[in-house]
Amino acid sequence: MSSVDVSRVMLDGPWEHRLVAANGARFHLVEAGEGPLVVLLHGFPEFWWAWREQIPALAAAGYRVAAMDLRGYGASDKPPQGYDTFTLAADVAAVIRCLGVRRATVVGHGWGGWIAWSMPSMQPDVTQAVASLGMPHPMVMRQASARSMRQVRANAYLLALQRPFVPERQMVAGPRYVRRLMSAWSGRPSWPPGEVSELYADALTLPFVAHSAAEYYRWVARSVLRSDGRRFVSRLSQPIEVPVLHVHGDADGCVLPSSSTGSREWCTGSYEEVTLPGVGHFIPEEAPAETNALLTRWLGTVSAA
């Protein structure tokens, strides 16, 4: 039995913690600032704290920032189902509406980027613009995973997560799993610091989090041959008309740089792609200053549009 409780992920800082009921679940958010709403979505194996450097920077730049714990993570609810992209996008849309805003810019990293890419097709009414860090358009990622042997090898962790029970046990056994995975995906030999990997490892030991995190990847793999997977492809094949920013690190060990190109083909609106040298998968944390500058500048173009 883990001795970690939810207080471990309720860290203090220049922000406020909030719980909102949306789409049949309760979500934990961290909020700061006033102005146009920007929703931040974390990746695996993280929680809202992955955006700790961006929250105050974007708030200071004149935005209302809401970094949420995704379904199954952190202090948000961990229901037994709902880890398909349709439900995850609906979660984000419902949170935006609960915050009293008609439309918002959605910024995601990793899995959060996958959801952000899905928002214009699945939840167009609430999506003003999207930015994805460390994740190309889902159709680009699917194609690379099917055609590139290098990406197939990089996806070994995803295949391992398809096993029942074993991944969950590995995730909660201590910080080794998180440290090994994050180090392999990072572009910097000394990253992550021990306190960072220990915090994320602790967050994975919260009840049901490890199982919920694995369910994201299980749906992606198992839906390929199912009707919901075909519906996903059909929906995501629609052109994206809202502004898009795609940022990738050229040392990403999770989504290889060679697998990240081609997203422009799915966008008919304004599109910007930036590659950061010497940066791995965890862009907001590995390169916080560059990330803050990129997002602040790009958000200014979105607000002016």
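Once divided by 2.2 N^0.38 Å, the Cα radius of gyration of the stretch 63-147 becomes 1.09.
Counting protein heavy atoms only, the stretch 109-233 has 59 percent of its accessible area on carbon and sulfur, 1.4 angstrom probe.
Among Ser237, Ala213, Met119, pick out the residue whose Cα is farthest towards the positive end of the charge dipole of the chain, where Lys and Arg carry +1 and Asp and Glu carry -1 on C-beta, about the Cα centre. It is Ser237. In terms of the Cα gyration tensor, with a ≥ b ≥ c the square roots of its eigenvalues, is the stretch 159-305 rounded because a/c is under 1.5, prolate because a/b exceeds b/c, or oblate? Judged from the Cα gyration tensor, the stretch 159-305 comes out oblate (a/c at least 1.5, b/c at or above a/b). Separation of the stretch 86-165 from the stretch 226-305 is 10 Å, based on Cα centroids.
What net charge do the residues around Asp5 carry, taking every other residue with its C-beta under 15 Å from that of Asp5, with Lys and Arg at +1 and Asp and Glu at -1? Computed value for this residue: 0. Averaging the sequence gap over all C-alpha pairs within less than 8 Å and six or more residues apart, then dividing by the number of residues, gives the stretch 220-305 a relative contact order of 29 percent. Checking every one of the GluC sites (Glu not before Pro) in the stretch 183-290 against DSSP loop status and a limit of 15 other Cβ atoms within 10 Å picks out Glu241. Pick from Ser183, Ser270, Ser76 the residue whose mean-square fluctuation is largest in a GNM of the chain, springs joining Cα atoms under 10 Å. Residue with maximal mean-square fluctuation among Ser183, Ser270, Ser76: Ser270.
If you sort the three axes of the alpha carbon gyration tensor as a ≥ b ≥ c, you get a/c of 1.5 or more for the stretch 139-218 and a/b no higher than b/c, which makes it oblate. Overall, the anisotropy analysis places the chain in the rounded class: the square-rooted eigenvalues a ≥ b ≥ c of its C-alpha gyration tensor yield a/c less than 1.5. Basic side chains Lys and Arg get +1 at the Cβ, acidic Asp and Glu get -1 at the Cβ, and with that the dipole of the chain about its Cα centre reaches some 1020 debye. Here the label points at Met10 and Arg222, each 7 Å from Cα along the C-beta direction, are separated by 3.3 nm in the simple model.
The label point for Arg264 and the one for Ala293, both projected 7 Å from the Cα toward the Cβ, are 2.3 nm apart.
The values are calculated or read from the model by the stated rules, or taken from the named source; none is laboratory data. Not measured: the values here are computed from a predicted model. Don't worry about glycine lacking a Cβ; one is built from the backbone with ideal geometry, like all the others, and counts go over all protein chains shown. Ligands, DNA and RNA are excluded from the accessible area calculation, which covers all protein heavy atoms including side chains. Shrake-Rupley method; radii C 1.70, N 1.55, O 1.52, S 1.80 Å.
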